[in-house]
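Input: a single structure, listed below in structure tokens.
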Amino acid sequence: SAIAKFIEKKGEGIHHIAYQSDNITDELARIGSEGLELINEEPVIGSDKMKIAFLSPKTLSAVLTEICQH
């Protein structure tokens, strides 16, 4: 998996931080308008059938960040 490869390469530690949103589409638009780089400009279906989107660690102090919506 992607997380296993991350741990293999960088060692144990935090892979990413996730935040829950009630409206991921609006949240992505707001985040993008503030100049943060989005990996996913539109939500995709992730684990547990949640809508998810990732923000680039390049604009967030090297922290991979995920927005989720049930």
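The values are calculated or read from the model by the stated rules, or taken from the named source; none is laboratory data. What you are looking at is a predicted structure, and each value in this text was computed from that prediction instead of being measured. Cβ: placed from backbone, ideal geometry, glycine included. Neighbour counts: every protein chain shown. Heavy atoms of the whole protein, side chains included, go into the accessibility calculation; ligands, DNA and RNA do not. Shrake-Rupley method; radii C 1.70, N 1.55, O 1.52, S 1.80 Å.
Hey, of (1) 22, 15, 9; (2) 20, 15, 12; (3) 18, 11, 11, which did the structure itself give for semi-axes √(5λ) of the Cα gyration tensor in Å when calculated?
(1)
Just flag the GluC sites (Glu not before Pro) in the chain sitting in loop per DSSP whose Cβ has no more than 14 other Cβ atoms within 10 Å.
Answer in residue order: 12, 34, 37, 41.
Might you work out the accessible area of residue 59 for me, using a 1.4 Å probe with all protein chains in place, and round it to the nearest 10 Å²?
50 Å²
Which angle from 0 to 90°, rounded to the nearest 10, does the C-alpha axis of helix 24-33 make with the longest principal axis of the chain?
Approximately 90 degrees, to the nearest ten.
How many nm separate the modelled label positions at residue 3 and residue 49, each set 7 Å beyond the Cα in the direction of the Cβ?
Here the modelled spin labels are 2.1 nm apart.
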